[in-house]
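The numbers here are math on the coordinates, done by the rules we state, and not lab data. Note that the structure is a prediction, hence the values are computed from the model and not measured. As a convention, Cβ positions derive from the backbone with ideal geometry for all residues, glycine included, and neighbour counts pool all protein chains shown.
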Amino acid sequence: MKSRLVDLIRYLQVPLSARAIAANLGMSKTTVGRYARLLQALGLPPGKDHVGACTGRELAAHFNGAARDSGKTAPDFTRTAQRLEEPGMTLRRLHSEYQELAGEQALGYVQFTRRYAAERKTKGLALRRQHLPGFVAFVDYSGKRPSYVDRATGSRVDVELFVGVLGHSGLTFACCSHTQSVPDWLDAHTKMVAFFGGVPKTVVPDNLKSAVIRAGKDPTVQRHYLEWGKHNGIAVLPARAGQPRDKGQVEKAVLDVQRWVLPELAKRKHFSLEELNDRVQDLMRGFNERPFQKRDGCRRSVFEQHERAALGPLPTTAYAYAKWTGKMTVPADYHVPVHGHYYSVPHTLVGQRVEARVSPEWVELVADGEPVAKHRRHTVRGEHTTAAEHQPEAHRAMGERTPEHVREWARTIGPSMAQVVDAQFARRVPLQGLQAALALRDLEVHWTGEGLEAAAKRAITRRVPNFTGVKRALTELVAGADQEGREAIALRRTARRRAASAAAPPKRTRSRRSQPASTANTRTRRRA
C-alpha cells in the first residue's frame, strides 16, 4: 500500500476522475476519494514541495497517523507487556486506564491495539548468532519420551531423551536415560563429550532442577553439575529463565531429533535401555551425515573440518557421581564418621570443619574446598580406616608395635634377623614374644643393619636366637673387629648419640649460691 500511496498522491495532482484513478491503481474509488480529501486538507508533509521528495512511509504517517491522531496523546507501552502478565489483565482494561489519564485526547481502542501490535514487532527482533568452533554446546531434554518393554513384567517403561548440540557445526548427540535426576543428567553429559571426542569451553543448559537450583539474573548452578564442569574444564552458563532464544539451537535440534528418531523407535519393540540407546546411536549417525539443504556438507563434515581440533582434551578419567555429606567438626582422634565408618584426616585439622564426597569406591574428605584425605570406601559400621601419614609421630610409633610390622622390619635387615624375630613368636602364646621382638627392633637405633644381620647369624649358629644372644654377638663383633670394622658395625650408634646429645636441652644445674636461703640455712644447721 505504501508504494501505491505514492502513485495515488501523484495521480491526485493531475485532473483525473476518482473512478479512473481507482481503475488504474486497482483500488476502490472510496479510498481514492478519502485521500483526495486528506490531500486537500493537509497538503504534503511539511518541507516536501513535490511527491517525488516523499517516501511511502512518510506519506502514510502524514495522512493515516498525523491527520487521524492530531491532538491525541500517544500511549506509553513501556510496561504494557508486563502488565498483561498480571492475573485478569487485558488490553481492554489497559485502554480504559489510558483513557482515564488522557481524557478526550485518548486514542480509540482499535488504534490503541494497533499501536501496541506495532510496538511489539519492534521488540521481537531476532539476532542471528555465529558460534566459534569448540566454544559452546547446548543441552536439553526432549519433552516427548520414548519407551521400552520390560521382559520380566511386560510393562512399558518410559524414558527421557537427552539432546546435546555443538554451536558451530551443529553436530548432535542423543541418548536415553531413565530419569532427569542429577546422576542421569551428568551421565548423559559424560556420554556426550565422549561422543564429541573432546570438551567445549562452555555448556548452556535449561533451568531444570538437575542443572540450576535457583534461576534468575545470578543463577545458582547445582553443585554436582559445577563439579562435572570443573572435572572436564567446562564453564556452565545456564540460559536465562523464560528466554528460549538463548538456546534456540538446541530447541531446533530437539525438534529435529524427535522427528528423526521417535518414528523409527516406534516401529519395533526394545527390551532394555541399552538396546534402546544402541538404536538411537545408529539413527543419529544418519542424522549427522544428512546433507544440509541450504549449504554444502553436513553436520559431521563441518565438525571434522572446523570444530574437532578446537575442542579441549577429554579428562584422563571419566567423572564419577558422588554424594556430599554435611560438614563435620574433626574430633580429637582425627577420625570423622561417614555412613557409620570412621576415616582419618590429618591430625592438624582437629577442631576444623570438613565434609565428605562419597562415590561408590572412594571417600574424599574436603576442608575449605581443598581435598585433604582420600580413602577406599568401607561399609563396615563402627570400624575405622587410618592413614599413617595422618597420625602424629607418637601415634604412628605406637601403631607400629605389631607382630606384622616387626616381621616386616626384620625382613629388611636380612634373613638371619627374620629368623630370630620369628623365633620370638614361636611360643604357645605368640603375642608374649612381642616385647622381645620390639627390643630387637630397637637395636637399630644404635647399630647398623649389617652389624645386626651378622650378630643374628652368629646367635643362630650358637642356638641362642633371642635378644641376649644378638646383643652378646654385637659386643663380640665390636671387640674383635679393627677400627674400620667397628665403624661399620657401630657407626649408627655414634651418630645417633651425637644427634641426640645435640638435640637434647642442656641440663640445668643449681649452684649453692642460687639455692633458696632457707635451703642453704637448713644444710648449714645439719652440718653443725
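Computed log10 I(q)/I(0) for region 323-395 at 0.13, 0.16, 0.19 Å⁻¹: -0.31, -0.48, -0.68, from the Debye equation with unit scatterers placed on every C-alpha and solvent omitted.
Per-residue extension of 0.36 nm, minus the Cα-Cα distance of Glu264 and Gln293, leaves a gain of 8.2 nm for this segment. In this structure, the residue pairs whose Cα-Cα separation is over 26 Å, taken from Lys217/Lys323; Lys191/Lys252; Lys144/Lys252; Lys323/Lys374; Lys201/Lys327; Lys191/Lys323, are Lys217/Lys323; Lys201/Lys327.
Between Trp362 and Val221, what's the calculated FRET efficiency when r is the beta-carbon distance and R0 is 25 Å? Round to 0.05. Once the sixth-power term is evaluated, E becomes 0.60. A simple spin-label model places the labels of His378 and Glu393 2.7 nm from each other, with each point 7 Å out along Cα-to-Cβ.
Would you kindly give the portion of the calculated P(r) for region 136-310 that falls above 21 Å, as a percent of all Cα pairs? Every Cα pair in region 136-310 considered, those over 21 Å come to 49 percent. Straightening the chain between Gln305 and Thr153 buys 49.9 nm, computed as 0.36 nm per residue apart minus the Cα-Cα spacing. Gain in length, Glu119 to Lys471, computed as 0.36 nm per residue apart minus the alpha-carbon separation, to one decimal in nm? Full extension of this stretch gives 116.4 nm more. How high is the FRET efficiency from Asp282 to Leu132, r the C-beta distance, R0 30 Å, rounded to 0.05? Once the sixth-power term is evaluated, E becomes 0.45. If R0 is 22 Å, the Cβ-Cβ spacing of Arg92 and Ala60 corresponds to a FRET efficiency of close to 0.25.
Here's how it looks for Thr385: its modeled amide H is under 5 Å from those of Tyr342, Tyr343, Ser344, which are all 5 or more places away or on a different chain.
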